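The values are calculated or read from the model by the stated rules, or taken from the named source; none is laboratory data. Just so you know, these numbers come straight off a predicted model, no measurement behind them. For neighbour counting, all protein chains shown are included, and Cβ atoms are generated from backbone atoms with ideal geometry for every residue, glycine included.
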Amino acid sequence: MPGTLLGVGPGVFILALLWVLTLLLCVLLSRASGLARFSVILVFLAAVIITLVLWLFPRASEFPGPAAEIKIVDTFFIGRYVLLSISSVIFLGCLFLILVHHLLQPVYAKPIRVNS
């Protein structure tokens, strides 16, 4: 999809920027004195109206148009099998070492008690 960043379109970033600026402006206006303090309500309502307009009247189509024939090509085919073979050899080597360690554990003789 052209025009996307992190899997989302520019509208999400516009809405995020709008609400960050709204929050910042509301915090700044809440510290004001007098009648300017109540303009926080107008800023919030303006942000809600802009958000609803951007959300309910999108410019792009909801469903993308018919795309050209997509041809899937596996470019990492050989590399994947090389990695698979290397990891299989390492797994079998570790399994062999564990079994050798398990089977060849030393068995210590118990001391014989001599009654003198």
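Points worth noting:
- Among the residues of region 58-79, those identified as part of a loop (DSSP other than H, G, I, E, B) and at pLDDT 80 or above are K71, I72, V73, D74, T75, F76.
- I86 vs. criteria over 30 Å from V12 (Cβ atoms), of a type outside the set (G, A, S) and surrounded by 10 or more Cβ atoms within 10 Å (Cβ to Cβ): yes
- Scanning region 3-39 for residues that are hydroxyl-bearing (S, T, Y), farther than 30 Å from P58 by Cβ and in a loop (DSSP other than H, G, I, E, B) turns up just one, S33.
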